[in-house]
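Notes for the one structure printed next.
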Amino acid sequence: DTGVSQNPRHKITKRGQNVTFRCDPISEHNRLYWYRQTLGQGPEFLTYFQNEAQLEKSRLLSDRFSAERPKGSFSTLEIQRTEQGDSAMYLCASSTHEDTQYFGPGTRLTVL
Amino acid sequence: AQSVTQLDSQVPVFEEAPVELRCNYSSSVSVYLFWYVQYPNQGLQLLLKYLSGSTLVKGINGFEAEFNKSQTSFHLRKPSVHISDTAEYFCAVSSTGTYKYIFGTGTRLKVLA
């Protein structure tokens, strides 16, 4: 069990570009979550998957954001036409039940 | 709706002194409560959790927390801190039937030599 992994760890992009992040959950965890954390704040929920089904999307997740979890394993989070306000740490977590989420190291996005 | 309040944004404390980080929550249903620690440029590591049962919960690195339902609190304590405890600490709440955590804004613990 190697824990939740996220790639890349850091991403610097120019405004207007598209970016994609990947999350590999702990194997056999059927639940996967994405959160966003801005400087000085706690993580905020973005979206949740149970297996391959995306069951909830926060209103924070504008139509420029899309997340997928094909085959119920890894997940990707794509941001289209990035804006400076998208700069944040994007955290992925996984769990087997509704309690106790295990977090990855995060992907820090900087939009110039 | 659920919410979490961490009243102290920063807590400076000398090494080997005790510390308490405060967390209050609001919820109309039964809750699960968590404390996570975050070191710079890293993800969140679970310190301890309250799901049910004993209200005094012990976690890793010598931390403990007490669930107080009447005061809707879940304060984190450590009797003697080390320099290595310097980090950001987040309290979070969820509940049965939900799946997302609601986090507080965090408390930055700075341990001074």
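Where a number appears in this text, it was derived from the coordinates with a stated rule and is not lab data. Remember, predicted model here, so these are calculated numbers, not experimental data. A quick note on method: Cβ atoms are made from the backbone with ideal geometry, for glycine too, and the neighbour counts reach across all protein chains shown.
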Sites excluded, GluC sites (Glu not before Pro) in DSSP loops with at most 13 other C-beta within 10 Å, longest stretch of chain A: A:29-82
Setting aside same-chain residues fewer than 8 positions from B:K69, which lysines have a Cα under 18 Å from its Cα? B:K49, B:K58
Total charge dipole magnitude, the protein assembly as shown, about the Cα centre, Cβ charges on Lys, Arg, Asp, Glu only, Debye to nearest 20: 540
Just name one of B:P40, A:Y102, B:N61: the one whose Cα is farthest towards the positive end of the charge dipole of the protein assembly as shown (beta-carbon charges, Lys/Arg +1, Asp/Glu -1). B:P40
Assigned charges on the beta-carbon of Lys, Arg, Asp, Glu; chain A dipole about Cα centre (debye): 560
When N is the residue count of segment B:3-112, what does its C-alpha Rg come to as a fraction of 2.2 N^0.38 Å? 1.01
Diffusion coefficient, µm² s⁻¹, Stokes-Einstein with Kirkwood Rh over alpha-carbon pairs of the protein assembly as shown at 37 °C and 0.692 mPa s: 182
Isotropic mean projected area of the C-alpha convex hull, segment A:1-61 (nm²): 5.5
Filtered hits (aspartates and glutamates, Cα-Cα < 20 Å from B:K100, offset >= 8 within chain) -> A:D24, A:E28, A:E44, A:E52, A:E56, A:E68, A:E98, A:D99
Please work out the C-alpha center-to-center distance from segment B:86-108 to segment B:32-83 and express it in whole Å. 10
Roughly how many debye, to the nearest 20, is the charge dipole of segment B:3-112 about its Cα centre, given +1 on each Lys and Arg Cβ, -1 on each Asp and Glu Cβ, and no other charges? 300
Given points 7 Å out from each Cα along the Cα-Cβ axis, report the B:L112 to B:S84 separation in nanometres with one decimal. 2.3
Residue range of chain A that is longest and free of trypsin sites (Lys or Arg not before Pro) which are both DSSP loop and sparsely packed (at most 16 other C-beta within 10 Å): A:16-58
Antiparallel content of DSSP bridges confined to chain B, in %, to 5: 85
Rounded to the nearest 5, what % of the DSSP beta bridges within the protein assembly as shown are antiparallel ones? 90
So for chain A, using the alpha carbon gyration tensor with a ≥ b ≥ c as root eigenvalues (a/c under 1.5 gives rounded; past that, a/b versus b/c decides prolate or oblate), I'd call it prolate
Collect residues whose amide H, placed 1.01 Å from N in the peptide plane, falls under 5 Å from the amide H of B:L47; neighbours closer than 5 in sequence don't count. B:W35, B:Y36, B:V37
